[in-house]
1. Could you work out how much longer the chain between residue 194 and residue 149 gets when fully extended? Use 0.36 nm per residue separation minus the Cα distance between them, nm to one decimal.
2. Distances over 23 Å make up what percent of all Cα-Cα pairs in region 65-147?
3. Using helices alone, what [θ] at 222 nm do you get for the chain, with -39,500 (n - 2.57) per DSSP H run of 4 or more residues, divided over all residues and rounded to the nearest 500?
4. If the viscosity is 0.692 mPa s and the temperature 37 °C, what Stokes-Einstein diffusion coefficient in µm²/s follows for region 100-150 when Rh is the Kirkwood radius over Cα pairs?
5. For helix 157-188, what angle does its Cα long axis make with the longest principal axis of the chain, in degrees from 0 to 90 and rounded to 10?
6. Which order results if 174, 41 are arranged by neighbouring Cβ count within 10 Å, fewest first?
7. Once label points are set 7 Å from the Cα along Cα→Cβ at both residue 51 and residue 250, what is their separation, rounded to one decimal in nm?
8. May I ask you to sort 211, 137 by Cβ crowding, counting other Cβ atoms within 10 Å and putting the fewest first?
């Protein structure tokens, strides 16, 4: 007897559940291994926070010589820095391992993941899952709290809500960049540094306000690679600043929609890249 037809939506939900379960099991395995040495884990988290905190030290040194840059003072910088760092830290925690895809393509170890009964993306993302990356998130959160307390924000319900959804949406937008970068490595195979230019490089750029960059650059990271929706657009509403490129204030509500669209396009790129993979041969 033929099996009943299974709608595509049902298959997608089933694949999603399988992927999340595989991700959870693999990542928990790495977490248990890491927590077997608690002192080493604590020192690594502290080291990660200290190293990433050097970016903000540079900003502090800059503001020891100027009172404002591009119309933004130190507290405003701290808000932008904190939003981008927390968003990127969360994304890097859950998807940072996808950068190793190029190495797997080159040495042929990706083939072993293809025959397992779990989505390849979930397996790659969970591989070598490292809680040490929380150091970046904690450091960014500390700077964000300082910035929000020092910026003199006129708080209302909208500004309170914009913080969590900006962080979550920002993490999702960075996640789309990670997945798209991983898909590109199916073609380039040795493109980890190219991906870093858009992930780590993009996060570093977002630590500074849009007013210090050329208008063409701001257009590119708004309409082509929508990184400005991580912190520039919601940050403008939060700090009562002009929205980049003269966009209307209601654009501060768009980050979740931008994140969904970016993830959909990244997912499509991943499927195309995976279907075109032909192994390394012999």
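1. Result for the pair: 12.5 nm of gain on full extension.
2. The share of Cα pairs beyond 23 Å in region 65-147 comes to 44 percent.
3. Rounded to the nearest 500, it is -22000 deg cm²/dmol.
4. 241
5. Relative to the chain, helix 157-188 is tipped by roughly 50 degrees.
6. Details: 174 27, 41 17.
Lowest count first: 41, 174.
7. Each label point lies 7 Å from its Cα, and together they span 4.5 nm.
8. Details: 211 14, 137 24.
Ordered by Cβ neighbours within 10 Å, fewest first: 211, 137.
Here, each number is a calculation from the coordinates, and none is a lab measurement. A quick note: this is a predicted structure, and the numbers were derived from the prediction, not measured. Neighbour counts are summed over all protein chains in view; Cβ atoms, including those assigned to glycine, are modelled from backbone coordinates with ideal geometry.
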